[in-house]
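The values are calculated or read from the model by the stated rules, or taken from the named source; none is laboratory data. It should be emphasised that the depicted structure is a prediction, and the values quoted were computed from it without experimental measurement. Here the Cβ positions follow ideal geometry from the backbone for every residue, glycine too, while neighbour counts run over all protein chains shown. For the accessible areas, the whole protein counts, side chains as well, though only heavy atoms, and no ligand, DNA or RNA atoms are used. Shrake-Rupley method; radii C 1.70, N 1.55, O 1.52, S 1.80 Å.
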Amino acid sequence: ICVCGPLGSSHLAKVCLYIGWCRMFRRRTKVHDLLFCLKLVVVSGIQEDAFDFTFFESVVFQRWEAKFKRGGSEIVGSYAFFPSDPKPAMYGSADMGYTYFALGLLQELSGDLRSQWAATLKSFQNATGEHWFSSRPGPASYAYHYPLAVEQWHAAAEASEVLMLLDSKPALPLVSLEELQSGNGTPRSESRWRDFMDKFLSNSTNIWRDSAAIQAPLGIANMIGTSNPNFVAWYFEWLNQHVDHQDGFWHDRARSASKLQAMASAFHMLHNYDCFGQPWPSPSKQVDAVLNLQLDSGLWGSAPSTCLDLDGVYIAIRASEQSARYRWDDVRETCRRFLRWTVAHLNNETYVLTTYAAHTHLLHGPLFAVAECQHAFPDLGIRTLRPWWRSTDACIYAGQATDMYLSV
């Protein structure tokens, strides 16, 4: 605990220093060192898992944010996507909106400042054509083989969600959204809807990537208040017919996706299930699948922690709730393992200002995942300056919390 444990606590760091002092000057044995360490742990009130993120909030986050801020303090919401970019970008503004919301900072802004941030974000919507939001620079700048349609839906979904969090919405109608969801369930409209789902799911060569397009239309329409009930009913009927009840996830027709990819893909569809109050398909199977996919590191993939870990934490918690808290204690331990990695690395200033400073699209995933664990398991004692947040109205990344989650 003293030598190998993550130095997520300044108290624990002091304990390790004390041990080093004993070895140098008191010539104690390893057994005596361990006993002395344990005494210091008791005296200092240290627990085995101290999930304290206040250093990250009060010091590290501001320095990370400064790497992307553009236009000076007088321009609200103006952020670059890459730290080397001189100009602000839509994804820079939206990603930073996510981090502000997760940390409870967006909620503390005045109405005027929120309006200014919304105006900055809306300035990235194209005034002509189908009124898509600017998507470059963004995830498509570093992701290979990113289809233009997925890129456009992904950007529109994120921009619309952050605008919703700012009490606003896109300035112009999204033409492709209106065209896709129109209809009253006639064979013609159902054929259009079916072609869309087949393209981005059944016939997809990368369902993890393309599931953002499956999520976007219904999620956006719900957040801006334009959803078509006919499309909504057909959408969930189609998903329920195509889900694999062995794991509660969706797969492409060729079954080329891995179990991890299917889990990460399902995150997008399940957000819409939450947004529209739909029961999840085979939730206990989803719990089993997600828990089996977590690595010994506490993550679901390679470091650093990203939105992939939000996928895992979100599905584990929400699916367990959907199935009468099935394996709830195991889900708590899943959170605990994830938090051990997160508290050690988010409190590491050097790590955050290098690894997480590659671009703005990395950090909000683990922040939202910590928020999920904090609200679901207050007994874990996650310490933050203010409660970290998920939304009751968001349908993309920021969540759809039940009253239970907001009770903390």
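Structure notes:
- Pairs are defined by a Cβ separation below 7 Å, a sequence spacing of at least 6 or placement on different chains, a first member in segment 222-247 that is within 15 Å of residue 192 (Cα to Cα) and modelled with pLDDT of 95 or more, and a second member that is in a loop (DSSP other than H, G, I, E, B) and open to solvent by 40 Å² or more (accessible area, probe 1.4 Å); the pairs so defined are 228/182; 230/184; 232/276.
- A count restricted to segment 138-154 and to residues that are open to solvent by 40 Å² or more (accessible area, probe 1.4 Å) and either β-branched (Val, Ile, Thr) or in contact (Cβ under 8 Å) with a residue 40 or more places away in the chain (or both) stands at 5.
- Within segment 93-110, residues that are of a type in the set (Phe, Trp, Tyr) have Cβ atoms under 7 Å from residues that are assigned to a helix (DSSP H, G or I) in these pairs: 98/162; 98/364; 100/106; 101/165, counting only partners at least 6 apart in sequence or on another chain.
- If the condition is being within 25 Å of residue 250 (Cα to Cα) and either part of a loop (DSSP other than H, G, I, E, B) or open to solvent by 10 Å² or more (accessible area, probe 1.4 Å) (or both), then segment 289-303 contributes 289, 291, 292, 293, 294, 295, 298, 299, 300, 301, 302.
- If you go through segment 181-190 and keep only what is open to solvent by 50 Å² or more (accessible area, probe 1.4 Å), of a type outside the set (D, E, K, R) and not in a loop (DSSP other than H, G, I, E, B), you end up with just 187.
- Complete set of residues in segment 213-248 that are small (Gly, Ala, Ser), assigned to a loop (DSSP other than H, G, I, E, B) and open to solvent by 30 Å² or more (accessible area, probe 1.4 Å): 225, 227
- Matching option when the condition is surrounded by fewer than 19 Cβ atoms within 10 Å (Cβ to Cβ) and at pLDDT 95 or above, among 278, 286: 278
- Selected residue (only one of 367, 380 is under 29 Å from residue 217 (Cβ atoms), out of contact with any Pro (no Cβ under 7 Å at 6 or more places or on another chain) and in contact (Cβ under 8 Å) with a residue 40 or more places away in the chain): 367
- Residue 251 fulfils the conditions (1) closer than 14 Å to residue 269 by Cα; (2) in contact with a His (Cβ under 6 Å, 6 or more places away or on another chain); (3) not in a helix (DSSP H, G or I) except for a single criterion, (2).
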